[in-house]
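The values are calculated or read from the model by the stated rules, or taken from the named source; none is laboratory data. As the structure is a computational prediction, the values presented were derived from the model and not from experiment. Neighbour counts run over all protein chains shown; Cβ positions are idealised from the backbone, glycine included. In case anyone asks, the SASA skips ligands and DNA or RNA and just uses the protein heavy atoms, side chains included. Shrake-Rupley method; radii C 1.70, N 1.55, O 1.52, S 1.80 Å.
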Amino acid sequence: MPTTPEIEPAAAVDLFGPRLDLARRYTDALVAEGETRGLIGPLELPRIWTRHILNSAIAAPLFDGSVADVGSGAGLPGLVLAIARPDVQLTLIEPMERRVTWLNEQVESLGLDNVRVMRARGEDVGLEFDAVTARAVSALRTLVPITAPLVKDGGELILLKGHNVPAEIDAAQKMFKKHKLSDVRVEVLGEGVLDEPTRVFRARVR
Ligand SMILES: C[S@@+](CC[C@H](N)C(=O)[O-])C[C@H]1O[C@@H](n2cnc3c(N)ncnc32)[C@H](O)[C@@H]1O
């Protein structure tokens, strides 16, 4: 089973720096156990590195301070961000017990001291962060009411989205108003570098 390709895109080296080895170890663990533990579908296994790890890591430079990853699942993007950015404090929020167990195991085995894992639904957390992220959890209309209340006044939503983000934005306008989102924009990261660029929905919350 291919895991991390022998030839790294330069982006990976830039994004992980001296922690590239930790990113490889996390990827190898996901490939070894991700399917049997119900963390990742079998079709995703051959492209975990290119379509999941690097797609998450490319967003790492956008974050600062305290960050919550809502619906972290196998650790995407939260664990990848914690590896790439040891200066950022990550809180991984995930309601499913077996996924929380996996996340705690990875935090311990990779020796990540900038991560805490909470077993909870985003809407029940009641804490505030400088930025909140999520990936593949739900469409913006549903996701904004879960994530925006976790953002400090003046902080940011930085949500990793797919091709459909323009339609999601159209459908979520009422929620943007209700949750006081401003400066709404989409940034496309990694074009020409990644197999599939990462679309990032960003908004200020105040
Ligand atoms: C499709 S998975 C995506 C996991 C990961 N973010 C990724 O990109 O692979 C969605 C995850 O969101 C979690 N989830 C669903 N509703 C949630 C909520 N209200 N609050 C926090 N997590 C939630 C699920 O348990 C699941 O692990």
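Tell me, which residue of region 79-93 that is open to solvent by 10 Å² or more (accessible area, probe 1.4 Å) and not in a strand (DSSP E or B) is nearest to the ligand (Cβ to nearest atom)? Give the steps one after another, and end with the answer.
At the first step, the residues of region 79-93 found to be open to solvent by 10 Å² or more (accessible area, probe 1.4 Å) are 84-87, 89.
Imposing the further condition that a residue be not in a strand (DSSP E or B) reduces the set to 84-87.
On the way: ALA84: 15, ARG85: 17, PRO86: 21, ASP87: 22 Å.
Taking the candidates together, the pick is ALA84.
Of note, ASP64 satisfies the criterion of being more than 14 Å from the ligand (Cβ to nearest atom), of a type in the set (D, E, K, R) and either open to solvent by less than 10 Å² (accessible area, probe 1.4 Å) or modelled with pLDDT of 95 or more (or both). Scanning region 94-115 for residues that are surrounded by fewer than 18 Cβ atoms within 10 Å (Cβ to Cβ) and of a type outside the set (Ser, Thr, Tyr) returns PRO95, MET96, GLU97, ARG98, ASN104, GLU105, GLU108, GLY111, ASP113, ASN114. The sole residue among VAL117, VAL144, VAL151, VAL125 that is within 25 Å of GLY65 (Cα to Cα) and within 11 Å of the ligand (Cβ to nearest atom) is VAL125.
Listed here are the residues, each with its yes/no results for (1) closer than 20 Å to PRO61 by Cβ; (2) open to solvent by 30 Å² or more (accessible area, probe 1.4 Å); (3) among the basic types (Lys, Arg).
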{"residue": "ASP124", "(1), (2), (3)": "no, yes, no"}
{"residue": "PRO145", "(1), (2), (3)": "no, yes, no"}
{"residue": "PRO149", "(1), (2), (3)": "no, yes, no"}
{"residue": "LEU159", "(1), (2), (3)": "yes, no, no"}
{"residue": "ALA171", "(1), (2), (3)": "no, yes, no"}
{"residue": "LEU181", "(1), (2), (3)": "no, no, no"}
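Residues considered: ASP124, ASP69. Of these, the only one that is under 12 Å from the mean Cα position of the chain (by Cα) and modelled with pLDDT of 95 or more is ASP69.
Scan region 34-50 and tell me whether some residue there is touching a His at 6+ places or on another chain (Cβ under 7 Å), at pLDDT below 95 and either open to solvent by 10 Å² or more (accessible area, probe 1.4 Å) or of a type in the set (D, E, K, R) (or both).
From region 34-50, those touching a His at 6+ places or on another chain (Cβ under 7 Å) are 44; that's our starting set.
Checking which are at pLDDT below 95 leaves us with 44.
Still in the list and also either open to solvent by 10 Å² or more (accessible area, probe 1.4 Å) or of a type in the set (D, E, K, R) (or both): 44.
For region 34-50, residues touching a His at 6+ places or on another chain (Cβ under 7 Å), at pLDDT below 95 and either open to solvent by 10 Å² or more (accessible area, probe 1.4 Å) or of a type in the set (D, E, K, R) (or both): present.
Being closer than 18 Å to LEU20 by Cα and out of contact with any Pro (no Cβ under 9 Å at 6 or more places or on another chain) narrows it down to one residue among VAL107, VAL144, VAL67; which is it? Don't jump to the end; show me each part of the working.
On the way: VAL144 fails: closer than 18 Å to LEU20 by Cα; VAL67 fails: closer than 18 Å to LEU20 by Cα.
Just a single option satisfies the conditions, and that option is VAL107.
Scanning region 102-113 for any residue that is under 12 Å from ALA68 (Cα atoms) and within 13 Å of the ligand (Cβ to nearest atom) turns up nothing.
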